[in-house]
1. Magnitude of the Cβ-charge dipole of the chain, K/R +1 and D/E -1, about the Cα centre, nearest 20 debye?
2. With a 10 Å radius around each residue's Cβ, average the other Cβ atoms per peptide and rank 141-147, 96-102, highest first.
3. Going by average Cβ density within 10 Å per residue, which order do the peptides 224-234, 62-72 take, highest to lowest?
4. Which of the residue pairs 111/280; 59/254; 59/163; 2/288; 155/214; 214/254 have a Cα-Cα distance greater than 29 Å in the structure shown?
5. Once fully extended, how much extra length lies between residue 245 and residue 67, figured as 0.36 nm per residue of separation less the alpha-carbon to alpha-carbon distance?
6. Please identify the GluC sites (Glu not before Pro) of the stretch 12-62 that satisfy two criteria: DSSP loop assignment and at most 11 other Cβ atoms within 10 Å. Which are they?
7. Let's see if you can work this out: charge +1 on each Lys and Arg Cβ, -1 on each Asp and Glu Cβ, no other charges. What is the dipole magnitude of the stretch 1-96 about its Cα centre, in debye to the nearest 20?
8. Which value, in Å², gives the accessible area per residue of the stretch 7-226 when a 1.4 Å probe is used on the protein heavy atoms?
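The values are calculated or read from the model by the stated rules, or taken from the named source; none is laboratory data. Everything numeric in this text was worked out from a predicted model, so none of it was measured. So basically every Cβ, Gly included, is an ideal-geometry build from the backbone, and we count neighbours across all protein chains shown. Each accessible area value is taken on the protein alone, full model and side chains, heavy atoms only, with ligands, DNA and RNA left out. Shrake-Rupley method; radii C 1.70, N 1.55, O 1.52, S 1.80 Å.
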Amino acid sequence: MKNLNGIYPALPTPMAPNGEVNYSVLKTLVDFEIDQGVDGLYVGGSTAESFLLTEDERKCVAETVLDHAAGRVNVIVHTGAGGTDAARRLTLHAKANGADAISSVPPIYFKYTTEEVIAYYLDLIESSDMPLVVYNIPAFTGINMTQGPIRELFKHPRVVALKHTNTNMYELERVLAHNPKLIALNGYDEAFLSGLSMGATGMIGSTVNFMARKFIILRDAFQAGRNAEAFRLQREANEIIETMVEVGVFSAVKYAMTLRGVDCGACRGPFKPLQDNDKKRVRAILEKNLGEAL
Ligand code: MN9
């Protein structure tokens, strides 16, 4: 099994002006990210607006990224869906196209029991025999995978990693203490250094798309014990992230990529396109903190 540790951009889904997925820009994006030195690509997650794409589009996006990456870096495909059947279809499709691992949020919208949530994940693992990255994002799903009896899932040998999109670092540390082989990939970019300090060794993030180098150097500084440097880099990143979250992070990330030469277009509704004033703010904060990289 491949080592899934590392720094991953959560790829956005480039859109053409007519709202269709722009597959040719998606390929450019894959090359751009690999050139920045990322360890892998995370496909079809929140940043990709997956729940605003059709199942066919999601498959086509995954296929395009897998084909174009062609084994140069790890590819994790998020196959979570509203129901077990759709998630299983996406999982088998990802497997057939050579994904290194699948990932999923717990099933959303309806309130399921712990038993039902675990059965959902077991279905994906058992139908595909793929390594699984559990995507924990309680702010969006209402389910916290690192709290209570649901944590039993991390004992399953095919559950190889946790995408920890939560700022509760105590729970991260406890899950790792109870599951020493589990890899933790931090999910809130603004809390990357906190995650590293409590046992995360990598990250999956939307802002990695346009500032992967900063996060790679931050991780290296932390691992070499240069904590002041790591903190300075986190603060620089957070100056940017704060503004992006204020204007709408997914739209802002797409705009940042457009400024970096990869025109990702706008997000699908109900996300509102960035207003001129928001664009100005994003551009100004990027110019100040990324300088000549733009
Ligand atoms: O995938 C992203 N998660 C969400 C990771 O957007 C829900 C993060 O990269 C955030 O966009 C980022 C800003 O809060 O940390």
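1. 360
2. Details: 141-147: 18.1, 96-102: 20.1.
The peptides rank, most packed first, as 96-102, 141-147.
3. Most protected by this proxy first, the peptides run 62-72, 224-234.
4. Long pairs (Cα-Cα over 29 Å): 111/280; 2/288; 155/214.
5. In short, 60.9 nm is gained.
6. 20
7. Details: 8 positive and 12 negative charges, 70 e Å.
The calculation lands at about 340 debye.
8. Working: 8330 Å² over 220 residues.
Per-residue accessible area for the stretch 7-226 comes out at 38 Å².
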